[in-house]
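A.B. asks: Let me give you the structure first, and then I'll get to my questions.
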C-alpha cells in the first residue's frame, strides 16, 4: 500500500486550525472520529466546573491523527472527514481581514507541505489527492474525462481500480479528439486504432516528426514513448486492472499503479493541450 495521508507533522498542522476552540463543535469531531474508527483516541469530556473542557479541540485533533499514524487502516477516511468539516467551517476560504488572511495562508501552507512529504497534494480549497493526479486544466469541460480523473483521485489505495480507470481515461481522451474532428468511431474500433487516429489528426504521431531537424529523432522517440505508456496501460488493465469480470486481487503495488496513472495523466494532458492549440484555445 502507498503512503497514507497521515504523519505526526500532519496531525500537528491540522490541530492549528482549531486552536482557541474555533471550528467544528466537539460533538461533530467526536462523531467523525468515531465513524473513522478512532473514537477512543481522544474522547471529549466537558468540565463540571468553570474550568476549561478537557481535552481541547487542538489536542483532540492532534491525538486522533497520531492514533491514525499508529493504525493507518482507515487514515484516509479520517483525514477526508476532518478536511470536509474544515471546508464547511470556511478554513480554506479567502478573507478580507489582512491578519486573518496571512494566518490562514500560513496554516494552509504548513499543512500542504506536511501532506507533500507523504506524497499527497492538498489544494488551496482543501481538497486532498495523491501527488501527481491533479486538476489538469486541459481536462476541464470534458465531463467523461473529468469524472475519470475524480475516480483516480479517490482510488489511491486500489491498484486494480487505478489501472482500469487510467485506461478508460486514455480511451475517452482519444474518443474525444476523434469526435472533435468528426471521425466516425465504429463499435469494433480497438484502443490502438483510436489512439492512432487521434494522434494522426493532431499531428503528434512519430511519423509526423521531421527527423532531419535538430532534435527531431529525440522528439520522435518521446512521442513513441508516450504511445508506449498508453498502450502498456491498456495491456496492464487487461492483466491487472478492473473490467472483464476480474475477481482476483491485483498483484501490482499501489506505488507502481500510481506511477502508471501519473504517466497516463501526463499523456492525456499533452494530447488535450495539443487539441486546444489546434482549436486556437
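A.B. asks: I'd like to check something: does region 222-244 contain any residue that is over 25 Å from residue 131 (Cα atoms), assigned to a helix (DSSP H, G or I) and at pLDDT 90 or above?
C.D. replies: yes
A.B. asks: Moving on to the next point. Quick one: would you say residue 78 is touching a strand residue (DSSP E or B) at 6+ places or on another chain (Cβ under 9 Å) and either at positive phi or at pLDDT 95 or above (or both)?
C.D. replies: Details: touching a strand residue (DSSP E or B) at 6+ places or on another chain (Cβ under 9 Å): no; either at positive phi or at pLDDT 95 or above (or both): yes.
Against the criterion (touching a strand residue (DSSP E or B) at 6+ places or on another chain (Cβ under 9 Å) and either at positive phi or at pLDDT 95 or above (or both)), residue 78 does not qualify.
A.B. asks: Would you be able to tell me the number of residues in region 68-114 that are in a helix (DSSP H, G or I) and over 22 Å from the mean Cα position of the chain (by Cα)? Spell out the reasoning first.
C.D. replies: From region 68-114, those in a helix (DSSP H, G or I) are 68-70, 72-88, 98-114; that's our starting set.
Next, from what is left, pick out any that are over 22 Å from the mean Cα position of the chain (by Cα): 70, 98-104, 106.
Going through region 68-114 one residue at a time, the tally reaches 9.
A.B. asks: For the condition farther than 16 Å from residue 89 by Cα, in a helix (DSSP H, G or I), over 22 Å from the mean Cα position of the chain (by Cα) and free of Cβ contacts under 8 Å to residues at least 24 places away in the same chain, what is the one hit in 12, 34? Reasoning before the result, please.
C.D. replies: Working: 12 fails: free of Cβ contacts under 8 Å to residues at least 24 places away in the same chain.
After ruling out the rest, the residue left standing is 34.
A.B. asks: What number of residues within region 81-125 satisfy the criterion of being at pLDDT 90 or above and touching a strand residue (DSSP E or B) at 6+ places or on another chain (Cβ under 7 Å)?
C.D. replies: Matching residues across region 81-125 total 5.
A.B. asks: Okay, moving on. Looking only at residues that are part of a loop (DSSP other than H, G, I, E, B) and surrounded by 12 or more Cβ atoms within 10 Å (Cβ to Cβ) in region 183-202, which one is farthest from the chain's Cα centre (by Cα)? Walk me through how you get there before you give the answer.
C.D. replies: From region 183-202, those part of a loop (DSSP other than H, G, I, E, B) are 183-190; that's our starting set.
Filter again for surrounded by 12 or more Cβ atoms within 10 Å (Cβ to Cβ), leaving 183, 185, 189.
Values: 183: 32, 185: 30, 189: 30 Å.
Looking at residues that are part of a loop (DSSP other than H, G, I, E, B) and surrounded by 12 or more Cβ atoms within 10 Å (Cβ to Cβ), I get 183.
A.B. asks: Any idea which residue in region 131-176 is modelled with the lowest pLDDT, counting only those that are surrounded by fewer than 19 Cβ atoms within 10 Å (Cβ to Cβ) and touching a strand residue (DSSP E or B) at 6+ places or on another chain (Cβ under 7 Å)?
C.D. replies: The selected residue is 134.
The values are calculated or read from the model by the stated rules, or taken from the named source; none is laboratory data. Just so it is clear, the structure is predicted and the values come from calculations on it, not from any experiment. Using ideal geometry, Cβ is built from the backbone for each residue, glycine included, and neighbour counts are taken over all protein chains shown.
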